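*Asks:* One structure coming up, written as structure tokens, with questions to follow.
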Amino acid sequence: MKRLPALLPTAFLLLQGFAAVPVTANDMGSRDDARLAGRSENGTDHAVYWSSSDAAPVIQAAYARPDTASPTGHVAMVQPITVAMTDTPSRLSRRRDRRATPGGRREALLTPSRSIAVPAGEQYLYGSGEAAAAYIQTYNALETYLLGIAADRAIGRDVRSVVLAPGATLQKPAFLPCDQKPMAVVFDIDETVVLNLGFEQASLAAGGGYSAERWDAWEKSGSRAVSLVPGVQDAIKVARDAHVEVIFNSNRSGANADETAAMLNGLGVGPVAYGKNLWLKGDGGSTGNGKDTRRQDISVHHCVIAMVGDQLGDFSDLFNARDLTIAARRQLPAGREIRLLWGHGWFMLPNPVYGTALKGTPAEIFPADKRWTPGSAPLPDPATTESK
């Protein structure tokens, strides 16, 4: 439960379908209600009201003024919180349904009938059939690809690695040699093999946002609150049946290697052992979130014929070069020398919840020549424009 000040000079409420409207302390004085201020899951300030009715507490959302607040308005934006209130001679301190606490403070417990709203990206990734279909589609394609490459190796054809060699670029890619090394497929873990449902739920309940401390605790103790990504278990079985070794390459911490291995084994995608087929942050001399050095070390003993991930960095660190603009990074996966790798060695999964994809201002996302205002003159037909 989160403790928040009961009175702040100004707060805002983000409502689904309503603009954020400032609510001031003066507005608050017009009614005998306790005002609660906090933050929504996306970091936007909000204010709600606790009805002064003698009946069970009702949360009211202030989307205009307190006097016109709807008694049922958008409770989904507010999570259950415990609010500590200073004992003052105001009307707020005279409520019969507050409990006195040591130190002269009073406490009010709110229990809304609805939980906090789930962001759209999480609704899609963790709850939708559309995301499940996208996962299954990708893993079906991976199975077909692995069986084809394994058949090529079986009849003596050369197979190639899909790991970029040191010094290669995305414009001039070169790949590490395979020779006769055993074949392997490399998986990222988070939102590639497992869905971190418990972590995202806990983050949402805490007010949203990423916490390194919470993530470390999650790696240590969250193994029972995950689920397998749809389709991944079958794909891993197909890989092993085709004599393609399964390797995991994650930016989880090496300090929690035993817990991560135990989680994967408990989910039925093992055997997994750190130092054998589990590679974690810092292994192979890797620094930061880069994975290239780990991929190159894995390739010393394996021919990596496929990689699966939910971030471009799961395939090459070159996608995350610091000097790349949003527009330039957007174009890299479609480059002439790279585009054929998608679905043919590189397998990308959706992730609208977190990661390197989620950045960019409106000006960066929407080019000037692709903007439109209702009622404006029709834009030239693209085909006509290109033909001139």
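*Asks:* Looking at (1) closer than 16 Å to L164 by Cβ; (2) at pLDDT 95 or above; (3) open to solvent by 80 Å² or more (accessible area, probe 1.4 Å), which one does L318 not meet, given that it meets all the others?
*Replies:* The one condition L318 does not meet is (3).
*Asks:* Moving on to the next point. Filter region 214-252 down to the residues that are part of a helix (DSSP H, G or I) and closer than 18 Å to L280 by Cα and list them by number.
*Replies:* W215, D216, A217, W218, E219, K220, S221, S223
*Asks:* Right, here's the next one. For region 182-210, how many residues are part of a loop (DSSP other than H, G, I, E, B), at negative phi and either of a type in the set (S, T, N, Q) or open to solvent by 20 Å² or more (accessible area, probe 1.4 Å) (or both)?
*Replies:* 5
*Asks:* R330: open to solvent by 40 Å² or more (accessible area, probe 1.4 Å), at negative phi, over 25 Å from the mean Cα position of the chain (by Cα) and modelled with pLDDT of 95 or more, yes or no?
*Replies:* Against the criterion (open to solvent by 40 Å² or more (accessible area, probe 1.4 Å), at negative phi, over 25 Å from the mean Cα position of the chain (by Cα) and modelled with pLDDT of 95 or more), R330 does not qualify.
*Asks:* Residue check: is D179 open to solvent by 50 Å² or more (accessible area, probe 1.4 Å) and out of contact with any helix residue (DSSP H, G or I) (no Cβ under 7 Å at 6 or more places or on another chain)?
*Replies:* So D179 passes the test.
*Asks:* When you scan region 343-352, do you find a residue that is of a type outside the set (D, E), without any contact (Cβ under 8 Å) to a residue 40 or more places away in the chain and not in a loop (DSSP other than H, G, I, E, B), even just one?
*Replies:* No, because not a single residue in region 343-352 is of a type outside the set (D, E), without any contact (Cβ under 8 Å) to a residue 40 or more places away in the chain and not in a loop (DSSP other than H, G, I, E, B).
*Asks:* Being farther than 22 Å from V163 by Cβ and either aromatic (F, W, Y) or crowded, with 19+ Cβ neighbours inside 10 Å (or both) narrows it down to one of V246, V229, so name that one.
*Replies:* After ruling out the rest, the residue left standing is V229.
*Asks:* Going through region 282-310 one residue at a time, which ones are open to solvent by 10 Å² or more (accessible area, probe 1.4 Å) and in a helix (DSSP H, G or I)?
*Replies:* D283, G284, G285, D292, T293, Q296, D297, V300, H301
*Asks:* Still on this structure, please answer the following. In the set G313, G375, which member is within 30 Å of E200 (Cα to Cα), among the small types (G, A, S) and open to solvent by less than 90 Å² (accessible area, probe 1.4 Å)?
*Replies:* Only one candidate passes the filter, namely G313.
The values are calculated or read from the model by the stated rules, or taken from the named source; none is laboratory data. Only a predicted model underlies this, so the values are computations on that prediction, with no experimental measurement involved. Backbone-built Cβ (ideal geometry, glycine too); neighbour counts: all protein chains shown. Note: areas computed on protein heavy atoms with side chains; ligands, DNA, RNA excluded. Shrake-Rupley method; radii C 1.70, N 1.55, O 1.52, S 1.80 Å.
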